[in-house]
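The next block holds one structure in the form of structure tokens; read it before the comments.
Rule-based calculations on the coordinates, nothing more; no lab input. No experiment lies behind these values; they were computed from the predicted model shown. Positions of Cβ are backbone-derived with ideal geometry, glycine not excepted, and every protein chain shown enters the neighbour counts.
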Amino acid sequence: MIDSQASHGLTQWHGTTIIGVKRDGKTVIAGDGQVSMGNTVMKPNARKVRRIGEGEKVIAGFAGATADAFTLFERLERKLEQYRGQLMRAAVELAKDWRTDKYLRNLEALMIVADGETMLVLTGNGDVLEPEGGIAAIGSGGNYALAAARALSDYEDDPEKIARRAMAVAAELCVFTNDRVTVETI
């Protein structure tokens with residue numbers, strides 16, 4: 001889970017679990033489908049992981065406010081188009097905008113994005129982080145999924161199996177995470 005400083009105090013991102021696992025030239029991003037408002041499940045089967053960009057060569061998953069995430073997906077797609085599919089460059093430029101633009105700065109979402117070569121975590125603080133060990137997780141169940149994936153990575157080579165099992169662990173422990181998982185592989 002990643003915390004973010006907001007002008008009104010410490011904001012803790014919650015409400016979903018997204019995990020990315022990169023191994024042996026294959027990257028998987030998986031996310032649960034639960035949308036919560038307070039203690040109520042508003043929707044159990046949302047798609048928080050999707051393919052974006054020309055030729056859908058980038059996969060992205062989000063945690064946070066849904067409308068904010070869609071805004072960021074659209075902005076990232078434009079940056080990918082502007083920088084001819086170069087994910088790292090597009091992500092850095094989006095992060096710059098996110099940090100400095102008055103409108104974007106108020107968006108409450110985090111993203112894990114990946115193409116065939118790179119996996120990154122993007123935050124509203126302007127961070128573009130390349131995860132150590134090829135595993136990243138965000139959202140309320142992110143720490144559970146991250147710990148499970150790291151433990152599994154010593155015994156399992158298939159990134160999809162690692163991601164699916166890590167999501168199952170997060171769904172068992174986090175009340176804001178369910179077992180309706182969307183998985184995209186690149």
For Val175 and Asp154 in the same chain, what is the full-extension length gain: residue separation times 0.36 nm, less their Cα-Cα distance, in nm?
4.8 nm
Give the total of Lys-Lys pairs in region 3-185 with Cα-Cα distances below 18 Å; include a pair only if its members are 8 or more places apart or on different chains.
7
What FRET efficiency would be calculated for the residue pair Ala147, Ala65, taking the C-beta separation as r and a Förster radius of 35 Å, to the nearest 0.05?
0.85
Want the number for Lys96 to Ile52: 0.36 nm per residue separation, take away the alpha-carbon distance, what's left?
13.9 nm
Among the trypsin sites (Lys or Arg not before Pro) within region 93-163, which fall in a DSSP loop and have no more than 15 other Cβ atoms within 10 Å of their own Cβ?
Lys102
Given Cα pairs under 8 Å that are at least 6 residues apart, what percent is the relative contact order of region 88-161?
22 percent
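Which FRET efficiency, nearest 0.05, do Val41 and Lys161 yield, Cβ-Cβ r, R0 25 Å? Write down the numbers at each step before the final one.
Working: r = 27 Å, r/R0 = 1.08.
After rounding to 0.05, the efficiency reads 0.40.
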Going through region 52-84, which chymotrypsin sites (Phe, Trp or Tyr not before Pro) have at most 11 other Cβ atoms within 10 Å and a DSSP loop state?
none
Projected label distance in nm at Asn125 and Arg89, using a 7 Å step from Cα toward the beta-carbon:
2.8 nm
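Per DSSP H run of at least 4 residues, take -39500 (n - 2.57); add these up for the chain, divide by its residues and hand me the 222 nm value, nearest 500 deg cm²/dmol.
-10000 deg cm²/dmol
Defining a contact as two alpha carbons under 8 Å apart and six or more residues distant in sequence, what relative contact order in percent does region 3-185 show?
Details: 420 pairs, mean separation 57.4, N = 183.
Result for region 3-185 is 31 percent.
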